[in-house]
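The values are calculated or read from the model by the stated rules, or taken from the named source; none is laboratory data. All values derive from a computational prediction rather than experimental measurement. Counting neighbours? That spans all protein chains shown, and the Cβs are built from the backbone with ideal geometry, glycine included.
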Amino acid sequence: MDRRAFLLSVCNAANLFVPVSLLRAGVEQQPRHIGSRRELFVDDYVIDRLNGAVLRLHSPQQREIVLRFDRPWEGKYSGYVTVLHDPETKRFLAYYRGMPRARHDAATEVTCVATSSDGVCWERPTVGRFEVLGTKDNNVVMARHSVCHNMAPFYDRNPACPADQRFKAIGGTRGGGGLYALASADGLRWRFLSDRPVFTEGAFDSQNVAFWSESEGCYVCYFRVSREGKRWIARTTSEDFLRWSRPVDLGLDGKPRVHFYTNQFAPYPRAPHIYLGLPTRFFPGRRVISQQEARALGTSTDFGDFGRDCTDIVLVSTRGGAELKRSFREAFIRPGLDPRNWTSRANYAARGFLQTGPHELSIYVLHHYAYPSIHLRRYSLRLDGFVSVYAPLAGGELVTKPLRFRGNRLLLNYSTSAAGGLRVELQRADGRPIPGFTLAECAEIIGDRIDAAVRWRSGQRLGQLAGQPVRIRFVLRDADVFSFRFA
């Protein structure tokens, strides 16, 4: 482990904030080619050093319950939710398993869909394709197959994707032979792309997810494996969604292996080269609710004592390959005050991120698993607002690694107090300030904006530096910077 990784691991173990002073004096760094991509601070990809500033994790705010799983074909064991946006119809879709009885079998489990125009109010469309419990008047899109245990759709952004396959999905279990591939033109009527599983090298007893990676130019699948007695994550890739590569386990990032019950990786829509995951972190045998309290709450015993375990949700990231970044070991979403969220498997983030307002990102979490009150709740976050670089009023700074960019403007997502502010300086790769773009020539930036351009009094055009290796120096006082990009 190098010095940077060691210091980060020590700081992560000690505190929610991650102070870093990691300048590698005398070591030449190869420039990062970022073009006009938006960069977030969920990992240290662009960070060279932080002095007096820290990385700060921002948990989302709890909002309204958007869906109760109270239909006869849904029930208290519903789960494995996927949310996505259909850019053609402008609608949002949520897919989930319906499971009214404690039986994992093709006769019980179904895949359901809900739709929304705003991400807040959801309704169940009548699909009318499968008869379940004596009626076709339902929102079931798949039934009587092992894929219904964990079917996870996505909107295919592959430029070569045929129109009748713009929705794709994977699903299946080891007992069912493995993962099957499915496709749909409208997200409601699904067909199998093969009558046999397309991938068999995993445990799969979880929500396994796939998507088209714009940055890697292939399909990527993240799925459940078991390693050293713990649930973990592996990945495989494919050029055609049918033939998949030899799988690789994700790395540990210098931290202890834990139970990741789900992974929920998805390309972040505003920076699709970064895959963000919201895994449920599972603590078997860690009892919070007493046996007496569990009985009073009506905690399930159908699959064993659900009162003996607890879970929370963490934030992880990767940019591809076997990389896994766990910049924070602290919970991104805690179970909270509700005792029914302190029993087994009670906190499952949905896979996917939806922009539900000009400044708002919505995340969805399934709560009260195995209770009749099971539901899906919305959480909100500012756009890009997962992690910020923060400095107190006393001041602090961040200096990036050398970067090669494309564009004429530098746009920031930032927030300051009325007393605080920030300034920006561009430097040569060796750290020398670039005339016209120095700290002294940057007007202080104050306020709260999602995409605001940095301005220097010199009036020089930023585009003259495009393609050259430059560092960005942020100097902050009681301020957060969430992301930046050149445009």
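Structure above, values below:
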read-out: Residue that is surrounded by the fewest Cβ atoms within 10 Å (Cβ to Cβ) [pool: residues in the stretch 26-72 that are within 17 Å of residue 403 (Cβ to Cβ) and hydroxyl-bearing (Ser, Thr, Tyr)]; value: 36
read-out: The stretch 84-95, residues that are surrounded by fewer than 16 Cβ atoms within 10 Å (Cβ to Cβ) and in contact with a Leu (Cβ under 9 Å, 6 or more places away or on another chain); value: 86
read-out: Candidate set from the stretch 282-328 (those that are over 29 Å from residue 220 (Cα atoms), in contact with a Lys or Arg (Cβ under 7 Å, 6 or more places away or on another chain) and small (Gly, Ala, Ser)); member that is surrounded by the most Cβ atoms within 10 Å (Cβ to Cβ); value: 307
read-out: Residues of the stretch 96-114 that turn out to be buried (at least 23 other Cβ atoms within 10 Å of the Cβ) and over 12 Å from residue 124 (Cβ atoms), as a count; value: 5
read-out: Count of the stretch 432-471 residues which are more than 23 Å from residue 35 (Cβ to Cβ), assigned to a loop (DSSP other than H, G, I, E, B) and more than 29 Å from the chain's Cα centre (by Cα); value: 12
read-out: Exclusive hit being among the hydroxyl-bearing types (Ser, Thr, Tyr) and either in a loop (DSSP other than H, G, I, E, B) or free of Cβ contacts under 8 Å to residues at least 40 places away in the same chain (or both), set 89, 111; value: 89
read-out: Qualifying strands (runs of 3 or more DSSP E) (wholly inside the stretch 28-76; at least 1 residues being farther than 21 Å from residue 317 by Cβ); value: 47-51, 61-68
read-out: Near pairs, Cβ below 8 angstrom, 6+ apart or cross-chain, from the stretch 446-471 (assigned by TED's automatic domain parsing to the domain that holds residue 431 and in contact (Cβ under 8 Å) with a residue 24 or more places away in the chain) to any residue that is among the acidic types (Asp, Glu) and in a strand (DSSP E or B); value: 471/48
read-out: Flag if residue 243 is over 17 Å from residue 352 (Cα atoms) and buried (at least 17 other Cβ atoms within 10 Å of the Cβ); value: no
read-out: Residues within the stretch 137-163 that are touching a Leu at 6+ places or on another chain (Cβ under 6 Å) and either in a loop (DSSP other than H, G, I, E, B) or within 15 Å of residue 78 (Cα to Cα) (or both), tallied; value: 1
read-out: Candidates 426, 422, 411 - the one that is in contact (Cβ under 8 Å) with a residue 60 or more places away in the chain, more than 26 Å from residue 334 (Cβ to Cβ), outside any loop (DSSP other than H, G, I, E, B) and in the same structural domain as residue 454 (by TED's automatic domain parsing); value: 411
read-out: Close pairs from the stretch 205-219: first buried (at least 19 other Cβ atoms within 10 Å of the Cβ), partner among the basic types (Lys, Arg) and not in a loop (DSSP other than H, G, I, E, B), Cβ under 8 Å, at least 6 apart; value: 206/224; 206/231; 207/351; 208/224; 209/351; 210/168
read-out: Among the residues listed as 364, 414, 390, the single one being under 23 Å from residue 67 (Cβ atoms) and either in contact with a Cys (Cβ under 6 Å, 6 or more places away or on another chain) or at pLDDT 95 or above (or both); value: 364
